[in-house]
Each structure stands twice: as structure tokens, then as C-alpha cells.
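Heads up, the thing below is written out as C-alpha cells.
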Amino acid sequence: MKQVKSHFGFTLIELLVALMILSLISFAGYQGLNTVLKTRERVAAETRKWQHLAFFFSRLELDIAQAVHRPVRLSTGDISPEWLGHKVLLGENDAELTFTRAGMPDQGSEMRPPQRIAYRLERGTIIFLHWPTLDQDINSKPTRYPILEGVREFKLRYLDKSNNWQEIWPPAGVITSSPSAVEIKLTLSSGEKITRDFALQ
């Protein structure tokens with residue numbers, strides 16, 4: 001009488017089913033991990049965006065708080081007001097906001113002289129401009145620093161002594177002075193709109 005040998009193992013169909021289940025589990029795991037990584041990247045990007053925005057407003061607030069009443073002489077010999085606000089930019093060194101601020105402390109105990117600075121929107125980035133001297137000669141050119149990226153619109157208004165908002169500064173009939181306050185409106189490339197008001201001393 002012949003003995004029947006028993007074989008223990010998986011059939012081809014069982015192997016295919018097992019491989020299919022393993023593939024589905026692996027795919028689901030990959031999708032879950034990919035979602036977590038993308039979420040973490042988005043959160044990190046949003047955090048950086050708002051950190052840069054907070055730094056920008058903090059820097060701008062500090063500069064405005066240090067604004068001083070000091071017109072400057074341009075390389076053409078003309079006198080430029082202590083505070084300038086433009087809606088339309090006419091040259092590469094023109095800016096939406098230009099003013100004179102007090103000098104910052106040096107490495108020692110002495111104070112640096114007052115500085116002429118500006119903020120300008122250029123191709124989606126707000127640029128900080130800093131002139132080496134207040135009264136400029138023909139070779140005076142500002143140093144330029146990118147300070148905030150991802151900006152679609154940069155609009156300003158200025159509060160005059162009669163509590164009326166002006167689109168440009170100085171308004172018609174005012175020779176030289178600073179506004180009482182300035183309103184900053186930013187529209188980010190991602191669509192958010194932020195408005196901040198800063199009082200001048």
C-alpha cells in the first residue's frame with residue numbers, strides 16, 4: 001500500500017493574496033507618512049511666514065518710533081522732507097515710505113548720527129534702504145536689504161494734524177512735517193491682509 005506524502009506550505013493563490021495585502025498595508029502606511037510629512041512642512045512654512053512678518057512689523061515699529069524732524073539735502077541740491085510717502089515710485093531708490101530716524105547706539109557708548117531709511121515693495125519683496133549719510137552727494141546710493149518676502153501689496157496712509165487720512169505725504173499745502181500716525185496695509189501672496197497703525201511721537 002502506497003503512502004501519501006503530505007506537503008505543508010502556501011499555494012500560489014495564497015501567496016498572491018498575502019502579497020496583495022502586504023502591498024495595500026505598505027501603500028496605506030506610505031500615504032499616512034507622506035501626509036504627516038507634508039503637514040509638518042506646511043506648519044513649518046506657516047510658522048516661518050508669521051515669524052518673518054512679526055519681525056518686519058517689529059522692525060518697522062522701532063524705526064517709526066525713532067523718527068526725527070530732519071529734512072535732508074539731495075544730490076541735486078533740493079531739500080527732501082523729513083517724511084515722504086509715495087503711491088507711485090519714480091526711480092530705483094524711490095520708496096513707498098522714506099523718513100529720517102535717530103541714530104542707534106554704536107558698539108561703545110556713543111550714538112550714531114541720524115539715518116535716512118526707506119521701505120519699498122519690489123517684485124514681491126519689501127526692501128529696506130539705508131543711505132550712508134543724511135545729506136547726499138552725487139555718489140550717494142542706499143544699501144538695500146530684503147526684509148520681507150511674499151508680499152503682493154504694500155499700502156500706506158498718513159494721519160494729518162486735523163485727523164484726516166492722506167494717501168501721500170506731505171499732502172498739498174504742507175511744506176515739511178511728519179504725520180501723527182501711519183497706517184500700514186499688507187496683502188500677502190497667500191491672500192492674507194494685515195493692517196497695523198503706528199503713532200509718531
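FRET efficiency for R42 and L62, Cβ-Cβ distance as r, R0 = 45 Å, nearest 0.05?
With a Förster radius of 45 Å, E is 0.90.
Below 14 angstrom from the Cβ of W169, what's the summed charge of the other residues (Lys, Arg +1; Asp, Glu -1)?
After counting each charged neighbour, the total is -2.
Taking 0.36 nm per residue of separation and subtracting the Cα-Cα distance, what length does fully extending E192 through L33 add?
54.3 nm
Students often get this wrong, so try it: which of (i) 32, 18, 15; (ii) 55, 24, 14; (iii) 64, 18, 15 is semi-axes √(5λ) of the Cα gyration tensor in Å as calculated from the structure shown?
Step by step, semi-axes √(5λ) of the Cα gyration tensor in Å for this structure corresponds to label (iii).
Report the FRET efficiency, 1/(1 + (r/R0)^6), for N163 and M104, where r is their Cβ-Cβ distance and R0 is 22 Å, rounded to 0.05.
0.10
Give the aspartates and glutamates reachable from K38 as a straight Cα distance under 13 Å; neighbours fewer than 8 places away on the same chain don't count.
Once the sequence-local aspartates and glutamates are set aside, what remains near K38 is E46.
Once label points are set 7 Å from the Cα along Cα→Cβ at both L200 and A54, what is their separation, rounded to one decimal in nm?
2.9 nm
R0 = 22 Å: FRET efficiency of E153 with V174, Cβ-based, nearest 0.05?
For E153 and V174, the calculated efficiency is 0.30.
What does the extension gain come out to for L134 and I21, with contour length at 0.36 nm per residue minus their alpha carbon separation?
That works out to 33.3 nm of additional length.
Mind checking the angle between helix 12-65 and the chain's longest principal axis? C-alpha axes, 0 to 90 degrees, to the nearest 10.
10 degrees
Got the relative contact order for the chain handy, in percent, Cα pairs under 8 Å and 6 or more residues apart?
Relative contact order, the chain: 16 percent.
Using a Gaussian network model of the chain with C-alpha springs under 10 Å, which one of L53, L16, L84 is most mobile by mean-square fluctuation?
L16
Would you mind counting up the charge near E96? Only other residues with Cβ under 13 Å from its Cβ, with Lys and Arg at +1 and Asp and Glu at -1.
Neighbourhood net charge equals 0.
Give me R40, R120 sorted ascending by neighbouring Cβ count inside 10 Å, so fewest comes first.
Least crowded to most crowded, the residues run R40, R120.
Bear in mind that the values in this text are calculations on the coordinates, not laboratory data. Quick caveat: nothing in here was measured; it's all calculated off a predicted structure. Quick reminder, even Gly has a Cβ in these numbers, built from the backbone with ideal geometry, and neighbours come from all protein chains shown.
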